[in-house]
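The values are calculated or read from the model by the stated rules, or taken from the named source; none is laboratory data. For clarity, every value in this text was computed on a predicted model and none was experimentally measured. Every residue, glycine as well, gets a Cβ built from its backbone with ideal geometry; the counts of neighbours run over all protein chains shown. All accessible areas refer to the heavy atoms of the entire protein, side chains included, with ligands and DNA or RNA removed. Shrake-Rupley method; radii C 1.70, N 1.55, O 1.52, S 1.80 Å.
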Amino acid sequence: RSSRKAVVYSSTRRALSTSFPDYVLRAPTTDVTTLDNGLRVGSETVVGAETATVGVWIDSGSRYETAANNGTAHFLEHMAFKGTSKRTQQQLEMEIENMGGHLNAYTSREQTAYFAKVFKSDVGKAVEIISDILLNSKMEESAIERERDVILREMSEVNKNQEELVLDHLHATAFQGTSLGRTILGTEENIRSLKRQDLVDYIQTQYTAPRMVVAGAGAVDHAELCGLAAEHFGQLPKAPAGGVEVAMEPAVFTGSDYRVKFNSEDVAYMAVAFPTASWTSEYAFPLMLMQLMLGSYDRASGMGKNYASRLCQDVAENELAYSLNTFNTCYKDTGLFGVYAVMPDNKVDDCSWYIMNNLIRLVHSPTDAEVERAKVSLKAAMLMNMDGHNNVAEEIGRSLLNYGRRMTPAEIFSRIDAVTTSDIQATAYKFFNDQDHALAAVGGIHELPDYTWFRRHTYWLRY
């Protein structure tokens, strides 16, 4: 049996070597170890590197909150840097600066991350600091009160960013009544009323070892990282204190729209989207390719009317938008695929028609040339995303949480190459053709067609 396995492996290796460039086959390996308490440790060692990124990625975000504690995950991210039982806030900042390092964090709808970029010799110290701010944060009442105003200021800044605002509105209407529809920052009422006990309860229920990944990239030794993780995160529980895991509320899509009309504005901001597939769906790669086929447009770029994408050509030739981009957002059990556009108020109707026409065109007549060009672009984007230790560490953390493993470049290339033009048509048919959509729009939208107009344009009548 073992000799047969060896033959299969070598023949597979020969087939791969003829299909892929050498740099794809020789990509560094990702080592993954699961500790006794269920904590996963993943790393990619880069020979000759002098710096490293290490961090913790947690399967916890605004999606796991209730209406009553919405905003807790983001509030905790702020409180982590306000001092621990071992370090004051000033000592923490001084220690990081004296190492020449960068300590950062972010909260998304499904994940929270804390990571540091440091010199090779400071990896151990960085892991210890991250464990300290995560597990031993003081969360003093005075600091919580101060941070409320900081988060409210952050909220007002986010609301000035029209793209973020519109996409938040889009989630709120598409997944109304479910946790995925709530914002990451939470409501103003919650930010003003969250108590210290809410934060403590959230840590005790969410921060368990099986839901966390310690990831490292660059000048890291996997065995050393496993030892550091066991030392500093080994006391993490396998299950929440009560023994009951927090269930993820299912995402229920509702075809609907949300419109905020300002007659005084002459610019319209709009996003239209369809519910799609999860990270692990067989449709994930076709959707990535479709995103690149529809493309992105910016009037300020030097491309003029010479875009490869049909949609961008239409927009450029008819001067329909200031900017436009296609988004493909995946979650654990669903996704959103759509187009976000910034348009003059007198071009909204025309731009809406071209957006819907190009989306539904993928059901009927995508060309082989378009698909091949998208494949090359996606391969390039995937490889560019592996530039830099921060990107690699983040990919390891997110991949282990989403897939339970990290795909190699060769596997990614294989999956991209396996997609055919008919797969693109089948995917577009499943998710777009005669399906309910969600739409959010803000600004000068007096020309924006109503919901039934968009719904009618989700299919073509062909005789």
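Structure summary
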item: Count of lysine pairs in segment 283-438 with Cα separation under 30 Å (8 or more residues apart, or interchain); result: 9
item: Global geometry of segment 70-139, whether rounded, prolate or oblate, following the gyration tensor of its Cα atoms and the 1.5 cut on a/c; result: oblate
item: Surface accessible to a 1.4 Å probe, Thr421 within the full protein complex, Å²; result: 20
item: Volume in Å³ per residue [convex hull over Cα atoms, computed for segment 40-158]; result: 130
item: Cα centroid separation - segment 73-143 against segment 375-403, whole Å; result: 24
item: Whole-number D in µm²/s for segment 260-394 (Stokes-Einstein; Kirkwood sum over Cα pairs; 37 °C, 0.692 mPa s); result: 204
item: By average C-beta atoms within 10 angstrom, highest first, the peptides 123-132, 33-42; result: 123-132, 33-42
item: Relative contact order for segment 92-138, counting Cα pairs under 8 Å that sit 6 or more residues apart, in percent; result: 27
item: Integer Hz, Karplus 6.51/-1.76/1.60 couplings in order for segment 421-432, x for Gly and Pro; result: 4, 5, 5, 4, 4, 5, 5, 4, 4, 5, 9, 10
item: Bridge type composition, the chain - antiparallel percent by DSSP, nearest 5; result: 80
item: Gyration tensor (alpha-carbon) shape descriptor, segment 328-416, a/c threshold 1.5; result: prolate
item: Net charge dipole size for segment 282-350 [Lys, Arg +1 and Asp, Glu -1 on Cβ; Debye, nearest 20]; result: 200
item: With all protein chains modelled, accessible area of Asp434 [1.4 Å, Å²]; result: 80
item: Segment 105-251: Rg to Rh, with Rh as the Kirkwood radius over Cα pairs; result: 1.00
item: Principal axes of segment 244-330: Cα extent on each, largest first, Å; result: 56, 37, 20
item: Relative contact order (percent, whole number), the chain, Cα cutoff 8 Å, 6+ residue spacing; result: 21
item: Rounded if a/c under 1.5, otherwise prolate or oblate - the chain, Cα gyration tensor axes; result: oblate
item: Solvent-accessible surface ranking, highest first, for Met386, Met303 at 1.4 angstrom; result: Met303, Met386
item: Semi-axis lengths, Å, segment 169-297, gyration tensor of Cα atoms, sqrt of 5 times eigenvalues; result: 36, 25, 16
item: Relative contact order (%) - criterion: Cα under 8 Å, at least six apart; region: segment 244-326; result: 23
item: Protein-only accessible surface order, largest first, of Tyr354, Tyr340 at 1.4 Å; result: Tyr354, Tyr340
item: Contour excess over end-to-end distance, with Cα ends at Arg196 and Ala380 and 0.36 nm allotted per residue; result: 61.7 nm
item: Carbon plus sulfur fraction of accessible area for the chain, probe 1.4 Å, in percent; result: 51
item: Spatially near lysine pairs across segment 95-190, Cα under 30 Å, sequence gap of 8 or more or different chains; result: 4
item: Segment 178-241 - charge dipole about Cα centre, Lys and Arg +1 at Cβ, Asp and Glu -1, debye rounded to 20; result: 280
item: Environment charge of His389, counting only residues whose C-beta is closer than 9 Å and scoring Lys/Arg +1, Asp/Glu -1; result: 0
item: The chain - mean residue ellipticity at 222 nm from DSSP helices (-39,500 (n - 2.57) per run, n ≥ 4, rounded to 500); result: -14000 deg cm²/dmol
